[in-house]
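First the structure, in the form of structure tokens, and then the observations on it.
The values are calculated or read from the model by the stated rules, or taken from the named source; none is laboratory data. Being a predicted model, the structure only gives us computed values, none of them experimental. Note that each Cβ is placed from the backbone with ideal geometry, even for glycine, and that neighbours are counted across all protein chains shown. These accessible areas exclude ligands, DNA and RNA; they are computed on the full protein's heavy atoms, side chains included. Shrake-Rupley method; radii C 1.70, N 1.55, O 1.52, S 1.80 Å.
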Amino acid sequence: MTTDGRDSAGAGGAGGAEGAGPGREEDLAAASRFTEQFAAQLVWAGMPRMPARVFAALLASDAGALTAAELGERLRVSPAAVSGAVRYLTQQYMVTRERAPGSRRDLFRVHSNQWYEALTNRDSVLQRWETALRDGMASLGPHSPAGRRLEETLAFFEFIEKELAGMMSRWRTERTSRFGPPT
């Protein structure tokens, strides 16, 4: 990583000569292969393609953070494509936007606890769904076939919400024991 917080591949990201050293080209090739393979898995699971590629590229970068220009060069896409992707990822709590030290450029960072953040922030989504399901049950009648289906769906989401809280607590303990306190 350079002194201004950029990945050591240099301002050009994927192909810049700055920071190039023995094996660096192979590292970038391996990162590119991982990016495309993992992005394909995320797309298969329902994530839009460009956010999946940006997220995977950030995971595969040494610093875990890249500028929009570096992302564009690594992924060979336009600045507009990067912009839309990072907007989606920040809304999903998977990436944060910060200012690169000593620069006016934004730096997009994936944190070691991005999955924790993304799942934890689903609570508000589950609560909105639960409210909508309760309203639907009231409208359709709790004893109608549709009302019973909504009641079962509501019970499932309530169960998930309760289990998620316990699971996240257990993960915090597990993460600390394996990797130390979060940075």
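List pairs: first residue in segment 53-78 and more than 8 Å from Thr35 (Cβ to Cβ), second residue of a type in the set (Val, Ile, Thr) and open to solvent by 20 Å² or more (accessible area, probe 1.4 Å) anywhere in the structure, Cβ distance under 8 angstrom, at least six positions apart or on different chains.
Correct list of pairs: Leu71/Val77.
Out of curiosity, is Leu126 surrounded by 15 or more Cβ atoms within 10 Å (Cβ to Cβ), under 20 Å from the mean Cα position of the chain (by Cα) and at pLDDT below 90?
Here the answer is no, as Leu126 does not meet what is asked.
Looking at Leu150, Leu133, Leu140, can you tell me which residue is open to solvent by less than 90 Å² (accessible area, probe 1.4 Å), without any contact (Cβ under 8 Å) to a residue 24 or more places away in the chain and out of contact with any Cys (no Cβ under 7 Å at 6 or more places or on another chain)?
Going through Leu150, Leu133, Leu140 in turn, just one is open to solvent by less than 90 Å² (accessible area, probe 1.4 Å), without any contact (Cβ under 8 Å) to a residue 24 or more places away in the chain and out of contact with any Cys (no Cβ under 7 Å at 6 or more places or on another chain): Leu150.
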